[in-house]
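Working notes, structure below.
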Amino acid sequence: MTAAVIEPADGAGTRERILDLAQRYGVYAALAVLIAVATALNSDFMSVSNWRVQLFQAAPIVLVALGMALVIGTEGVDLSVGATIALSASVIPLYIGYGPVPAIALALLLGAAAGLVGGAMVAFAGVQPIVATLSLMIGLRGVAELMNGAAAKPVADATILDLGEHNLAGVPLMAWIALAATGAVAYTVRRTTFGRQLVAIGDNKRASLLAGLPVRRVLVTVYVLSGVLAALAGVLIVGHGAEADPANQGLNMELNAITAVVVGGTPLSGGRVRVLGTVAGAMFMQLASAVLIQHNAPTSTTQIVEAVLICLAVYVSRERGTR
């Protein structure tokens, strides 16, 4: 007596394939459509000057989103990245007198320290990621404002300004740095033992513990990497704006990063990290916002569009995850 094999109906199988394609390639198709529409509405959209502006704006978001993607890949979240940007920015004018290299190194070190605290709270204290990083988000920005003062402080160091304003082969140096970070993160996720451990932990933390994987070490490391990338974004933002303003720099960056990651196809349930999708998601959100601004759309409209896109991306991710 043979067991009956129940096969999914053609309609269900088709829906599954459509959802899979939407999650894998939807952000690229949406990005292509957006560029086509924006070009049709404004012939200057494809100009070199416009793309240079968009890359300047998108590069810090890409850096923060890459770190966020690693954290979300472990089924976590890092709400402290915006405050980490503020913290790294606050030390630049205070220590630039020792030279740009020590100032940048200290900024990155503070980013790593912030990530270490958040990661330790999650990995060793068992605090929920959203609670641990929310407390850091509040505390770190307060520390940054205490260090820097209430007013923005100008930064005139040539090296710092070059990082934020210089072009290499017609492309902003910030964009080259973001591209290098993308390559490093992609290699880490796809080609290293750490990357495979990260994905396995996000897929099933309990099973990873039973299998002997270094769960705590991996969790701490991803939060440290997120903090370092956020701090690097903070340095670039200071260079681009020629000032450190911890009260305003990095505001809502955590939301922009989460949006880029989710729109790029990385599920909030963890177990998968789509690096190129995250970059495409960051570019899509930046260009969508730019198009709306260029056509004098109110801020409320931009926020509504972003909310709809997030809901669609989460829906696709959730539908795939329940099958």
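Points worth noting:
- Close contacts from segment 206-223, counting a first residue that is surrounded by fewer than 18 Cβ atoms within 10 Å (Cβ to Cβ) and a second that is at pLDDT 95 or above and not in a helix (DSSP H, G or I), with Cβ to Cβ under 8 Å and a gap of 6+ residues or different chains, come to Arg216/Phe124.
- Where Gly195 falls short, out of the listed (1) within 16 Å of Leu66 (Cα to Cα); (2) small (Gly, Ala, Ser); (3) buried (at least 24 other Cβ atoms within 10 Å of the Cβ): (3)
- Residue selected from segment 110-134 under the condition without any contact (Cβ under 8 Å) to a residue 24 or more places away in the chain and β-branched (Val, Ile, Thr), by the criterion farthest from Ala86 (Cα to Cα): Val127
- Filtering segment 131-170 to residues that are loosely packed, with under 14 Cβ neighbours inside 10 Å and either hydrophobic (A, V, I, L, M, F, W, C) or under 21 Å from the mean Cα position of the chain (by Cα) (or both) leaves Val131, Ile138, Leu146, Ala150, Ala151, Ala156, Ala158, Leu168, Ala169.
- Output for segment 78-95, where each listed residue is of a type in the set (Val, Ile, Thr) and surrounded by fewer than 24 Cβ atoms within 10 Å (Cβ to Cβ): none
- Yes/no for Ala313 being assigned to a helix (DSSP H, G or I) and either within 25 Å of Thr39 (Cβ to Cβ) or at pLDDT 80 or above (or both): yes
- Listed by position, the helices (runs of 4 or more DSSP H) enclosed by segment 176-290 that each have at least 3 residues that are modelled with pLDDT of 95 or more and of a type outside the set (Lys, Arg) are 193-203, 215-241.
The values are calculated or read from the model by the stated rules, or taken from the named source; none is laboratory data. Predicted model only: the values in this text are computed from it and were never measured. Please note: Cβ atoms are built from the backbone with ideal geometry, for glycine as well, and neighbour counts cover all protein chains shown.
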